[in-house]
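Trainee: One structure, pasted below without further comment.
The values are calculated or read from the model by the stated rules, or taken from the named source; none is laboratory data. Predicted model, so just to flag it, every value in this text is computed and none were measured. So basically every Cβ, Gly included, is an ideal-geometry build from the backbone, and we count neighbours across all protein chains shown. The area values use the complete protein model at the heavy-atom level, side chains included, leaving out ligands, DNA and RNA. Shrake-Rupley method; radii C 1.70, N 1.55, O 1.52, S 1.80 Å.
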Amino acid sequence: MKSSIIEVLQQYDNFAELKEFSEYGNGHINDTYLLDYEGIGKIILQKINKSIFKEPKKLMENIALVTSFLRDKIEKNGGDPDRETLNLIKTKDGQSFYEDSKGDIWRAYNFISDTICYEQVTNAKEFYESGFAFGNFQNLLADFPVNKLSEVIKNFHNTEDRFVTFKAQINEDPLGRVKDVKEEIDFFLNREEYTHIFNRALANNEISLKVTHNDTKLNNILFDKDTKKALCVIDLDTIMPGVAAFDFGDSIRFGANKGLEDEPDLSKVGLDIELFEAFTRGFLEACGKSLNKREIEILHMGAIVMTYECGIRFLGDYIAGDKYFKIARENHNLDRARTQIKLISDMEEHIEEMKKIVEKYI
Ligand code: ADP
Ligand code: MG
Ligand code: MG
């Protein structure tokens, strides 16, 4: 074992009892390890990815605040706070993280046993559970003082700001790609209106800032192995102030697409309305009551706006020379932008149906 890791392990209790140490899970962001202590049990240890998270201490402050709030809430509701939320394990010095001699930030969580973590949505039941889990997360945190949270990634879902960047990328056009993607560019420019919806509603106090998760993938939920129900939302690095429709919308964007995000055959891409309904039902069963009338009215627009935002990021990055999103083939980011365009068009066609489904579950 590397001495740097031993240095970290020694910050936590029971070092002498540590019997096993291994890499764990399929996360792509942080380094995750499972520690097993003789006669005591397991914990999860993670090193935070510094290249993505520039202010890991602020991120840890967010997580400490939210997990302790969740713990109290779950306890009050008669739930099991040891299994239904992550709990930070303190270092011997009583800190919620440890900064090692190289400046890396480490944290430890309770290991939640007897759970399953699914990598991909394979049926509507799982997607319903996913909606319920992230809706429940919203609901439990509905009265959390959101002004206490730091914006870990600035302007993450500020679609207006993303649009400004997109236009700058078009103006710069460093590789002369703009002339070949005029149609795609126009698709987004013609829908600029979408970029203002949520900022405007916030500015008019029609909707409010909430705690959003911002990485609502299926593999960030632990399911109970026996009941197969969603048990705990994990991976809290990107919790930030945001609007409920962002978590809802991004989940629909990647989970209710009939095709892959980078599918070159656009005939395979489109909104799966059955999956849309499954997620919406779960989400609203869990948090419908904590959303106001306007938040519910524009919930479905979250799906369109999140897809739009992703689309301009893919297309902007293609124009800029594939600097941000990793590519595995030529035109990869252009293919991704085109799937988002197809998906938006499909959502626009089904917009009345989407609205009706939302209304059905409130
Ligand atoms: P990343 O940001 O790299 O995705 P995650 O926090 O999602 O990291 O953790 C990676 C994987 O480790 C998860 O998908 C899950 O399988 C597992 N995992 C993380 N935390 C726990 C925990 N407290 N209990 C059980 N499994 C966990
Ligand atoms: Mg994860
Ligand atoms: Mg993560």
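Trainee: Quick check, is Ile40 open to solvent by 40 Å² or more (accessible area, probe 1.4 Å) and away from ligand 3 (no atom under 16 Å from the Cβ)?
Mentor: When the stated conditions are applied, Ile40 passes them.
Trainee: Within segment 106-122, which residues are surrounded by fewer than 14 Cβ atoms within 10 Å (Cβ to Cβ), in contact (Cβ under 8 Å) with a residue 40 or more places away in the chain, in a loop (DSSP other than H, G, I, E, B) and not acidic (Asp, Glu)?
Mentor: Selection gives Ser113, Gln120.
Trainee: Within the bounds of segment 143-162, is there any residue that is modelled with pLDDT under 95, within 16 Å of ligand 3 (Cβ to nearest atom) and assigned to a helix (DSSP H, G or I)?
Mentor: No, that holds for no residue.
Trainee: Follow-up question, since we're still on this one. Please work out if Val66 is modelled with pLDDT of 95 or more and within 16 Å of ligand 3 (Cβ to nearest atom).
Mentor: yes
Trainee: Okay, moving on. Here is a list of conditions, (1) open to solvent by less than 50 Å² (accessible area, probe 1.4 Å); (2) closer than 22 Å to Ala245 by Cβ, and His332 meets all of them except one; can you say which number that is?
Mentor: Status for His332: all satisfied but (2).
Trainee: Going by what's in this entry, would Leu70 be described as open to solvent by less than 30 Å² (accessible area, probe 1.4 Å), away from ligand 2 (no atom under 16 Å from the Cβ) and either not assigned by TED's automatic domain parsing to the domain that holds Phe325 or not in a strand (DSSP E or B) (or both)?
Mentor: Considered against the rule, which asks whether it is open to solvent by less than 30 Å² (accessible area, probe 1.4 Å), away from ligand 2 (no atom under 16 Å from the Cβ) and either not assigned by TED's automatic domain parsing to the domain that holds Phe325 or not in a strand (DSSP E or B) (or both), Leu70 comes out as yes.
Trainee: Moving on. Please pick out the residue among Gly103, Gly78, Gly94 that is open to solvent by 60 Å² or more (accessible area, probe 1.4 Å) and assigned by TED's automatic domain parsing to the domain that holds Tyr12.
Mentor: So the residue among Gly103, Gly78, Gly94 that is open to solvent by 60 Å² or more (accessible area, probe 1.4 Å) and assigned by TED's automatic domain parsing to the domain that holds Tyr12 is Gly78.
Trainee: Quick test for you: out of Ile29, Ile48, Ile74, pick the one residue that is out of contact with any Leu (no Cβ under 8 Å at 6 or more places or on another chain), among the hydrophobic types (A, V, I, L, M, F, W, C) and within 26 Å of Pro241 (Cα to Cα).
Mentor: None of the others qualify; the one that does is Ile29.
Trainee: Leu59 versus (1) part of a helix (DSSP H, G or I); (2) open to solvent by less than 40 Å² (accessible area, probe 1.4 Å); (3) more than 26 Å from Asn219 (Cα to Cα): which is the lone unmet condition?
Mentor: Unmet condition: (3).
Trainee: Can you tell me which residues in segment 189-210 are touching a helix residue (DSSP H, G or I) at 6+ places or on another chain (Cβ under 6 Å) and not polar (S, T, N, Q)?
Mentor: Within segment 189-210, Tyr194, Ile197, Glu206, Ile207, Leu209, Lys210 qualify.
Trainee: Quick check on segment 5-37: of everything there that is within 13 Å of ligand 1 (Cβ to nearest atom) and loosely packed, with under 14 Cβ neighbours inside 10 Å, which residue is nearest to the chain's Cα centre (by Cα)?
Mentor: So, considering only residues that are within 13 Å of ligand 1 (Cβ to nearest atom) and loosely packed, with under 14 Cβ neighbours inside 10 Å, the one nearest to the chain's Cα centre (by Cα) is His28.
Trainee: Just a yes or no: is a residue in segment 253-267 within 23 Å of His196 (Cα to Cα), more than 16 Å from ligand 2 (Cβ to nearest atom) and crowded, with 19+ Cβ neighbours inside 10 Å?
Mentor: Yes, segment 253-267 contains at least one residue that is within 23 Å of His196 (Cα to Cα), more than 16 Å from ligand 2 (Cβ to nearest atom) and crowded, with 19+ Cβ neighbours inside 10 Å.
Trainee: Right, another one. Hey, among Phe223, Phe187, which residue is in contact (Cβ under 8 Å) with a residue 24 or more places away in the chain, of a type in the set (Phe, Trp, Tyr) and within 16 Å of ligand 1 (Cβ to nearest atom)?
Mentor: Phe223
Trainee: Open to solvent by 50 Å² or more (accessible area, probe 1.4 Å), touching a Lys or Arg at 6+ places or on another chain (Cβ under 6 Å) and either outside the structural domain of Phe132 (by TED's automatic domain parsing) or modelled with pLDDT of 95 or more (or both): does that describe Glu206?
Mentor: Spelling it out, Glu206 is indeed open to solvent by 50 Å² or more (accessible area, probe 1.4 Å), touching a Lys or Arg at 6+ places or on another chain (Cβ under 6 Å) and either outside the structural domain of Phe132 (by TED's automatic domain parsing) or modelled with pLDDT of 95 or more (or both).
Trainee: State yes or no: is Arg338 touching a residue at least 12 places away in the same chain (Cβ under 8 Å), open to solvent by 10 Å² or more (accessible area, probe 1.4 Å), in a helix (DSSP H, G or I) and over 30 Å from Glu206 (Cα atoms)?
Mentor: yes
Trainee: If you scan segment 134-155, which residues turn out to be touching a residue at least 60 places away in the same chain (Cβ under 8 Å), open to solvent by 40 Å² or more (accessible area, probe 1.4 Å) and under 30 Å from Asp322 (Cβ atoms)?
Mentor: Glu151, Ile153
Trainee: Looking at segment 278-301, which of its residues are surrounded by fewer than 21 Cβ atoms within 10 Å (Cβ to Cβ) and small (Gly, Ala, Ser)?
Mentor: Ala286, Gly288, Ser290
Trainee: Against the definition (outside any helix (DSSP H, G or I) and either surrounded by 20 or more Cβ atoms within 10 Å (Cβ to Cβ) or among the basic types (Lys, Arg) (or both)), how does Lys356 come out, yes or no?
Mentor: Against the criterion (outside any helix (DSSP H, G or I) and either surrounded by 20 or more Cβ atoms within 10 Å (Cβ to Cβ) or among the basic types (Lys, Arg) (or both)), Lys356 does not qualify.
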